[in-house]
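Structure first, then comments.
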Amino acid sequence: MKRYLTDSDFLVAVFNSKDASHAKALGISERLDSSEMELWGSNLIQQESATVVSHRIGMDAAREFVRKLAADLDRFVDVDRSLEKWAWKVFLKQTKKGCSFIDCANLAVIERYKLDGILTFDEFYPKELRVGV
C-alpha cells in the first residue's frame, strides 16, 4: 500500500472549486486508487490549509474544510517537538530565499515515516516525491 502525505496547496485545490489547480487536483485524486493508498496529514498542514481557506473563502468554509479533512485523511501526524527539531535541521540547510518551514517539516514527516511521496504542486519537493504531477 502506498502512503502519501498531503500538502496544503493540494488540499486547498481539491476543496476550493475556484482554485487555479482545482481541476488538476481532482484529476490526480481520481487517478489514484484509494483502496491501494493511505492519505496522511499533519497538524501543520491542517493549520496552514485552514488559514488559506479562511483568507480566500471565509470562516464558514474553513470550518467545513477542517471537518472534511478529518474524514478524508487516513492518518494524522502531530508534528511534535522531536519532528520540529528535525524540520529545523532541514530548514537551516536550505539555501534558496523564501524557503517554507512547513515544507521542511513535511520532508521530516516523509523521512521519519518513510512515506512514498507527497500530493503537492510545490516544486520545492524533489520530483521523485511529487505524486501525479
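The values are calculated or read from the model by the stated rules, or taken from the named source; none is laboratory data. What you see is a predicted model, and the numbers here were worked out from it, not measured in a lab. Note that each Cβ is placed from the backbone with ideal geometry, even for glycine, and that neighbours are counted across all protein chains shown. Heavy atoms of the whole protein, side chains included, go into the accessibility calculation; ligands, DNA and RNA do not. Shrake-Rupley method; radii C 1.70, N 1.55, O 1.52, S 1.80 Å.
Looking only at region 90-105, which residues are of a type in the set (G, A, S) and open to solvent by 40 Å² or more (accessible area, probe 1.4 Å)?
Restricting attention to region 90-105, the residues satisfying the condition of being of a type in the set (G, A, S) are 98, 100, 105.
Correct list: G98 only.
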>> Based on this model, can you work out whether A13 counts as assigned to a helix (DSSP H, G or I) and touching an Asp or Glu at 6+ places or on another chain (Cβ under 6 Å)?
In response: yes
>> Within region 13-56, take every residue that is under 19 Å from A70 (Cα atoms) and of a type in the set (V, I, T) and give me the one that is most open to solvent (accessible area, probe 1.4 Å).
In response: T51
> List pairs: first in region 1-23 and under 24 Å from E111 (Cα atoms) and of a type in the set (D, E, K, R), second at pLDDT below 95 and in a helix (DSSP H, G or I), Cβ under 7 Å, 6+ apart or cross-chain?
Replying inline: K2/E36
> Inside region 90-129, can you point out the residues that are among the basic types (K, R), free of Cβ contacts under 8 Å to residues at least 12 places away in the same chain and part of a helix (DSSP H, G or I)?
Replying inline: K93
>> Given the criterion surrounded by 16 or more Cβ atoms within 10 Å (Cβ to Cβ), closer than 27 Å to M37 by Cβ and within 13 Å of the chain's Cα centre (by Cα), identify the matching residue among A108, A87.
In response: A108
>> Of everything in region 57-78, what is open to solvent by 20 Å² or more (accessible area, probe 1.4 Å), in contact with a helix residue (DSSP H, G or I) (Cβ under 6 Å, 6 or more places away or on another chain) and either in contact (Cβ under 8 Å) with a residue 24 or more places away in the chain or of a type in the set (F, W, Y) (or both)? Give them in sequence order.
In response: D78
> Which ones in region 111-125 are closer than 22 Å to H22 by Cα and open to solvent by 50 Å² or more (accessible area, probe 1.4 Å)?
Replying inline: E123, F124
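Checking the structure you have, find out if any residue of region 84-91 is closer than 13 Å to L5 by Cα and out of contact with any helix residue (DSSP H, G or I) (no Cβ under 6 Å at 6 or more places or on another chain). Can you show your working first?
Initially, region 84-91 is screened for residues closer than 13 Å to L5 by Cα, giving none.
No, the conditions are met nowhere in region 84-91.
Which of the residues that make up region 27-40 are assigned to a helix (DSSP H, G or I) and either of a type in the set (G, A, S) or under 15 Å from the mean Cα position of the chain (by Cα) (or both)?
Initially, region 27-40 is screened for residues assigned to a helix (DSSP H, G or I), giving 27-31, 34-36.
Hits for region 27-40 are G27, I28, S29, S34, S35.
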> For D72, are the conditions met, namely being within 14 Å of F10 (Cβ to Cβ) and acidic (D, E)?
Replying inline: yes
> Out of curiosity, is V131 touching a strand residue (DSSP E or B) at 6+ places or on another chain (Cβ under 6 Å), surrounded by 12 or more Cβ atoms within 10 Å (Cβ to Cβ), farther than 20 Å from A13 by Cβ and among the aliphatic types (A, V, I, L, M)?
Replying inline: no
